[in-house]
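The values are calculated or read from the model by the stated rules, or taken from the named source; none is laboratory data. The shown structure was predicted, so the numbers you read here are calculated from the model rather than taken from an experiment. Cβ placement follows ideal geometry from the backbone for every residue including glycine, while neighbour counts extend to all protein chains displayed.
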Amino acid sequence: MKASLESVLQHPGIWRGDQAAQTDEEVLPTGFAELDSKLPGGGWPRGALTEILVGREGIGELQLLLPALARISEQRAWQAWVAPPHLPYAPALAAAGVQLKHLLVAEPQSPEDAWWTAEQALRSGACHAVLAWLKTPDERRMRRLQLGAESGRAWGVLFRSANAAPERSPAALRLRLEAIADGRLAVHILKRRGGYVSRPVMVDPYQSHSCRANRPSGAPLSVVQLTRDAATG
Amino acid sequence: MLWLALRFSQLSLEVFSRGVELTGSLAVSEKVGNRLRVTSCNAAASTAGVHPGMAVSAAQALVPGLIVRPRDRAAEQESLAGLATWAGRFTPAVSLQPPDGLLLEIGSCLSLHRGLKNLLKPMRSGLREMGYSYTHACAPTPHGAWLLALEGMEVVIHELAELEQALVALPVNLLAQPAETLVGLEMVGAHTLGDCLRLPRAGVARRFGQALLHELDQALGRLPDVRSCFVPPPSFLRRLELPAPAHEAEALLFAAHRLMPELEHYLNLRQAGVQELELTCRHEKIADTVLKLGFVQPIRAAERMLLLLRETLGRTALPAAVHTIVLHARLIVPLAASNTDIFRDGVEAADGNLLLERLRIRLGKAAVYGIAPVADHRPERASQHCEIGADAGIPCTLQRPLWLLPQPLHCREDRFVSKTGPERIESGWWDGMEVARDYYVAQDRNGSRLWVYCEHSSGEWFVHGLFA
């Protein structure tokens, strides 16, 4: 009886509510196994917009993206940072394994130019990742970015304030990040393709091996990390 | 040997008209004696009754709204040189036949083009794209081919005997002889080249000079006719006058479109690429508008130059109408023809450069940059803007934040919940930008991790970065 139920559930036409949707779209592994398991296809979606909502800067929101960005740079693909709020600091990025040769930083003067730049970068097909910090978002502009990401097959990341969580958005993936006590991040998946996830994913943004040089000593190492280090060392 | 003669009979007109899609009547005038006379006119004008040789005043009375431009021989020469450069794509042996012709030796490269037909087809479409009309003829001797093209006989002759048959029927006034010789020939009843050839040679030489016999012998291939090859100039500067001042970007683009194939073939011929291109728009009375196009890497493709030119023009407010455009390749650098990559790498790198150029047109050159680590202990100097694609410096193994604040932010020490450190940085006494600070990684009440320092001299606290 159970075996026959299993075989029925294998049918490609059946989708179970607790599964992430299976996508044909290419994904970029995040570098965090806990997060990968909750994301459709097992990684950041290419050809779509990802929204990252942060209550406060400096909680590890960029760290979360670094393993994927490092992998993109290893493939000698371009990435663009549009209107970053501060100076992206080259020594830290290089230490995290991001090769800076094809990293493009654009500082548009006006919000309109910034939206245009992000859209062009997404649409060009040259950038595998586009990180953007954009002011005055509205649904029409967001939709343009989403379409741009689709046509350029780029991973578009839009950083926004956590206040924007209740707003409607055409982004394929929306995450809200929250800092919790021990230096880890609670990643709330607000929207993903293939169903709602009620519980946040706990991620240690500094766990990734290549990022360790960057770990602030204030953040404790996870137990897994310590044992792995003991084994290799 | 097979020579292809190209004659641009409308060249004096086309140096003006090819810059726009003209619907009105246009004529070119030149001073003959002390009167201005029409030397050539376009189809619209000739259907209205204007014909070459007519006085300009009469033509203007006949066609209201007729545009009359004085003949510009310098522009014609430039155009012919441009055409010769362009023709270099078909054969290395191109020679000028001033004022309005080109002679191409194509016999030696026919097998490369796989036949005459395959050579003439791109030539026809290329000349149409640049806005020239022409007649052509092929013959074993350069002068023979030229005489046939002058007469407008579009024939292809491979054999000398055949050429003689074709030439004997041509009128004598096609010959490049002084007017009195031509009149003299008419008076002795020699109306065609055949008639001239039937006259006794000694008598002709005595009466009209050796030059006439020499020209005829060269045309028939009895005497060698050595032509010097055209050598393209070291720089590319082309001017195109518009028949009527234009203000719209589309009209200027159309005109630029006419010049681009010449530039592309010029670069091809010299195995070079252009890195800086300048389009000067000349206005009446006020200073020129200069549009500069910079390319990340030298390029040769006209299509891409036009794309970037379109964007630049779209973003430029022209102060007045433009009467002439000048295209100048300012920086020409050697560029070997590249092998296209079988994998995707090469394609994507090229796309990235295109994106970069487009962003720079709208945002300005300084607003789009790359970053690279620099070997300096001072945090504000350890990261610098650089050209994208430059090789990165040495990565830093110390603990550094991902965001650096451009200006350190003053703060109070009691805002931090915890801090670890210090890392002392004392450096820069040699260049007057001395720093002496103790850096800590601090955490504030909201969970943000900050990179803070304490200034040695004052004991004040500053936030310098964010571990984002």
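Numbers at a glance
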item	result
Extreme residue, farthest from the other protein chains (Cβ to nearest Cβ), among residues of the range B:448-468 that are touching a Gly at 6+ places or on another chain (Cβ under 8 Å) and not small (Gly, Ala, Ser)	B:Trp451
Residues of the range B:255-281 classified as part of a helix (DSSP H, G or I), more than 9 Å from the chain's Cα centre (by Cα) and hydroxyl-bearing (Ser, Thr, Tyr), total	0
Pairs with Cβ under 9 Å, 6+ apart, first in the range A:67-90 and over 19 Å from A:Leu145 (Cβ atoms), second of a type in the set (Lys, Arg) and surrounded by fewer than 24 Cβ atoms within 10 Å (Cβ to Cβ)	A:Ser73/A:Lys101; A:Arg76/A:Lys101
Boolean, B:Trp403 is surrounded by 16 or more Cβ atoms within 10 Å (Cβ to Cβ) and of a type in the set (A, V, I, L, M, F, W, C)	yes
Those strands (runs of 3 or more DSSP E) lying entirely in the range B:327-415 with at least 2 residues at pLDDT 85 or above, facing chain A (nearest Cβ under 7 Å) and closer than 29 Å to B:Gln443 by Cα	B:368-373, B:403-411
Checking A:Leu87 against (1) buried (at least 24 other Cβ atoms within 10 Å of the Cβ); (2) within 8 Å of chain B (Cβ to nearest Cβ); (3) within 30 Å of A:Ala186 (Cβ to Cβ), the condition it does not meet	(1)
Residues within the range B:148-175 that are part of a loop (DSSP other than H, G, I, E, B) and surrounded by 14 or more Cβ atoms within 10 Å (Cβ to Cβ), tallied	6
Test result for B:Arg37, assigned to a strand (DSSP E or B) and free of Cβ contacts under 8 Å to residues at least 24 places away in the same chain	yes
Condition check for B:Ser125: of a type in the set (Ser, Thr, Tyr) and closer than 21 Å to B:Met1 by Cα	no
Residue count for the range A:36-84, restricted to those that are assigned to a loop (DSSP other than H, G, I, E, B) and either facing chain B (nearest Cβ under 7 Å) or under 22 Å from A:Leu134 (Cα atoms) (or both)	17
The lone exception for B:Thr23 - which of (1) closer than 20 Å to B:Glu241 by Cβ; (2) not in a loop (DSSP other than H, G, I, E, B) it fails	(2)
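Results for (1) over 22 Å from B:Leu13 (Cα atoms); (2) hydrophobic (A, V, I, L, M, F, W, C); (3) at pLDDT below 85, shown as yes or no for each residue.
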| site | (1), (2), (3) |
| --- | --- |
| B:Ala75 | no, yes, no |
| B:Pro92 | yes, no, no |
| B:Pro122 | yes, no, no |
| B:Tyr132 | no, no, no |
